[in-house]
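Step one of this worksheet: look at the structure below.
Just so you know, all these numbers are worked out from the coordinates, no wet-lab data involved. Just so we're clear, the structure is a prediction, and the values are computed from it rather than from any experiment. Glycine also receives a Cβ, built like all others from the backbone with ideal geometry; neighbour counts cover every protein chain displayed.
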Amino acid sequence: MNTKQNRIYLSSPHMSGDEQKYINQAFEQNWIAPLGPNVNELENTLAKYSGVKHASALSSGTAALHLSLILLGVKAGDEIMVSTFTFSASVNPIVYQGASPVFIDSERETWNMDPELLEKALSERIANGTIDKVKAIILVHLYGMPSKMDEILNIAGTYNIPIIEDAAEALGSKYKDQPIGSFGMMSILSFNGNKIITTSGGGALLSNDEQLIEKSRFLATQARDAAPHYQHSQIGYNYRMSNVLAGIGRGQMEVIDDRVEQRRANYDFYKSIFKNVEGVSLLEEPEGMYSNRWLSAILIDFKRFQLSIPDFQAALEEDNIECRPLWKPMHMQPIFSKYECYINGTSEELFNMGICLPSGSNMSDDDRQRILDSICKLLNIGH
Ligand SMILES: *Cc1c(COP(=O)(O)O)cnc(C)c1O
């Protein structure tokens, strides 16, 4: 490996410079304990930016998703419809609750949940009288691309099933000019280190329903009753975001629009490289969709280039450049293989031909040139 050149990461943290200011304020005011002014300010900013009335800042996106299911009363024996093409964190909280995921495959235009398969899964449950077991749809907007909201909302409305948007990868994306995260009964965000903005670790729950968000804050702080002593009538969790980390989030939210622009510029860069290359394609934005382009991915006809995904990764690794296969669909994961799924082959095909390329908002022109050189050499294309 060429270690003389800096490593180019898939997606690394990119500070604005103001994070330290808010962290210092927390220290000066001794708000090191969880909660405090940074948490309140971050919640207000997130809600406003995402076009919802309320937000609670939490310890992770996974925690937010877990609380959303608890708030809906999800329990053993229930079913949750969930995108199969996602990261495992979209599914784990379903199993924490003892409920069963039902995996729904993707459609080709957005790579997100296929409305036709969702409709099939729900109509079958109407026919066999088990629709009451279905408590929610967890809808993932993968790599920042919005799902087909009109179709999904229509189906969810027909069958009266609440939508939880997994917008962990899609902060800043829009569908018909409306922010992603504002469509579901609840939505979750993640501020893990590799997301479009980070608090080093953190997440949020969004909703227009004040009671749900109030309840999420209560559950996330060990579910203490309003009593003079420590009294509990429900099981609680320790899921709140600390006031120190929320300071990082405040600094990050000041530059979110720049970050979306920078990620979209990365996509345009890759698009320009491959626009005349047979056998390589990128996911286009369908009409009315606006993606934050969290990660840019290419689909490669590996046969044509006589290469495999590991070959591709190894070649870029030689030049100290990180890249990664697309998410392995959940219905193909050993731990989830026993659950029901509605499959059309799309996510498996995408998994077999896709590579995520470096997409950080902090990439330099030099970085982009190195990536260009490395890929052109490997695929034997001119530039
Ligand atoms: C990152 C991610 C999560 C989980 O977020 P954490 O903050 O890491 O817990 C959930 N869903 C998707 C699609 C993600 O990419």
* If we keep just the residues of segment 127-142 that are in contact (Cβ under 8 Å) with a residue 12 or more places away in the chain and of a type in the set (D, E, K, R), which is nearest to the ligand (Cβ to nearest atom)? -> Lys135
* **Counted residues, segment 12-44 - those being away from the ligand (no atom under 16 Å from the Cβ), under 30 Å from Leu357 (Cβ atoms) and under 21 Å from the mean Cα position of the chain (by Cα)** => 2
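Take the residues in segment 235-290 that are in a helix (DSSP H, G or I) and among the β-branched types (Val, Ile, Thr); name whichever of them is surrounded by the most Cβ atoms within 10 Å (Cβ to Cβ).
My answer is Ile248.
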* Considering only residues of segment 175-222 that are among the charged types (D, E, K, R) and over 14 Å from the mean Cα position of the chain (by Cα), which is nearest to the ligand (Cβ to nearest atom)? -> Arg217
* Residue among Glu165, Glu124, Glu119, Glu151 that alone is more than 14 Å from the ligand (Cβ to nearest atom) and either buried (at least 17 other Cβ atoms within 10 Å of the Cβ) or assigned to a strand (DSSP E or B) (or both) -> Glu119
* Structure fact -> If we keep only residues of segment 121-133 that are among the hydrophobic types (A, V, I, L, M, F, W, C) and in contact with a helix residue (DSSP H, G or I) (Cβ under 6 Å, 6 or more places away or on another chain), then the residue farthest from Asn154 (Cα to Cα) is Ile131
* Enumeration of residues in segment 65-91 that are under 18 Å from the mean Cα position of the chain (by Cα) and either within 8 Å of the ligand (Cβ to nearest atom) or over 30 Å from Gly354 (Cβ atoms) (or both) -> Leu65, Leu67, Thr86, Phe87, Ala89, Ser90
* Check segment 100-113 and report whether any residue there is surrounded by 20 or more Cβ atoms within 10 Å (Cβ to Cβ), under 18 Å from Ser200 (Cα atoms) and touching a residue at least 12 places away in the same chain (Cβ under 8 Å). => no
